[in-house]
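Peer 1: Before I ask anything, here is the structure I am working with.
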Amino acid sequence: MVTLKGITINLRALEPEDLDFVYSIENNESIWEVSNTQTPYSRFLIMQYLENAHQDIHQAKQLRLVICKNDTFEAIGLIDLFDFDPKNNRAGIGIVIENKKDRNKGIGSEALSLLIKYAFNHLNLHQLFANIGSNNEASLKLFTTFGFQKIGTKKDWNYHQGKYFDEELFQLIHKNH
């Protein structure tokens, strides 16, 4: 789909061959804080998830896409629409780039740009929201760059490494909708 192809990356649907990649991300304890994960996922559970990944966003209420490099087709991250609400035309959005070596290179910006356009132009969403830990400076910068506005703070929302952290709620409203 041309809509989900950028200059350096593209977003594609999950495939059965993504088992090891998704397993690696879901079991990477260094990113559990942003995914609200507390326990590892089994290969069996992820395999079941992949078997149902073909479901339409209207059925599953979520859409998970793989971020791939255009030149090597290497999978480097995931970007999601979640809590899809067709009645109110909104969804949450989240992104993770697996390896630190691929971060801060514009990949997240390109992926977010592609998914925002897809959400507004193809899914006809009116708004997107993001929940971002107050200590996640990279994500705060990324989302505000695209016009997401902070609309609230959830105090002491997330517990990590013996401390509580606030979580910020950001929203982007599609002005042409």
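The values are calculated or read from the model by the stated rules, or taken from the named source; none is laboratory data. These numbers were taken from a predicted model, which means no experiment stands behind them. Cβ coordinates were reconstructed from backbone atoms using ideal geometry, including for glycine residues, and neighbour counts include every protein chain displayed. Calculation scope for accessible area: heavy atoms of the full protein, side chains included, ligands and nucleic acids excluded. Shrake-Rupley method; radii C 1.70, N 1.55, O 1.52, S 1.80 Å.
Peer 1: Would you work out if the range 76-166 is rounded, prolate or oblate? Take a ≥ b ≥ c from the square roots of the eigenvalues of the alpha-carbon gyration tensor; rounded if a/c is under 1.5, else prolate when a/b is larger than b/c, oblate otherwise. Don't skip to the answer; put the middle values down first.
Peer 2: Working: a/c = 2.00, a/b = 1.22, b/c = 1.64.
Note, shape of the range 76-166 comes out oblate.
Peer 1: Per residue, how much accessible area does the chain show when a 1.4 Å probe rolls over the protein heavy atoms, in square angstrom? Could you put the intermediate results ahead of the total?
Peer 2: Values: 10430 Å² over 177 residues.
In whole numbers, the chain has 59 Å² accessible per residue.
Peer 1: Over 19 Å between C-alpha atoms is what I'm after, so list which of LYS101/LYS163; LYS150/LYS175; LYS101/LYS150; LYS5/LYS117 land there. Each step should come with its number before you reach the end.
Peer 2: On the way: LYS101/LYS163 28 Å; LYS150/LYS175 17 Å; LYS101/LYS150 29 Å; LYS5/LYS117 11 Å.
Long pairs (Cα-Cα over 19 Å): LYS101/LYS163; LYS101/LYS150.
Peer 1: Now for a different question. How large is the charge dipole for the chain, taken about the Cα centre, if only the Cβ atoms of Lys, Arg (+1) and Asp, Glu (-1) carry charge, to the nearest 20 debye? Intermediate results must be reported in sequence, preceding the final value.
Peer 2: Values: 19 positive and 22 negative charges, 132 e Å.
Dipole of the chain, to the nearest 20 debye: 640 debye.
Peer 1: List the lysines whose Cα sits under 17 Å from the Cα of LYS87, skipping any in the same chain fewer than 8 residues away.
Peer 2: Leaving aside lysines fewer than 8 places away in the same chain, those within reach of LYS87 are LYS61.
Peer 1: Under a straight-distance cross-link criterion of Cα-Cα below 15 Å, which aspartates and glutamates are reachable from LYS141, leaving out those fewer than 8 residues away in the same chain?
Peer 2: Hits, sequence-local ones excluded: GLU110, GLU167, GLU168.
Peer 1: May I pose another question? Okay, helix-only estimate at 222 nm for the chain: each DSSP H run of n ≥ 4 adds -39500 (n - 2.57), divide by all residues, round to 500 deg cm²/dmol; what do you get?
Peer 2: Working: 6 runs with 49 residues, N = 177.
About -7500 deg cm²/dmol.
Peer 1: Please state, as a whole number in µm²/s, the translational diffusion coefficient that the Stokes-Einstein equation yields for the chain at 20 °C and 1.002 mPa s, with Rh defined as the Kirkwood radius across alpha carbon pairs. It would help to have the intermediate numbers written out before the result.
Peer 2: Working: Rh = 16.9 Å.
Calculated translational D: 127 µm²/s.
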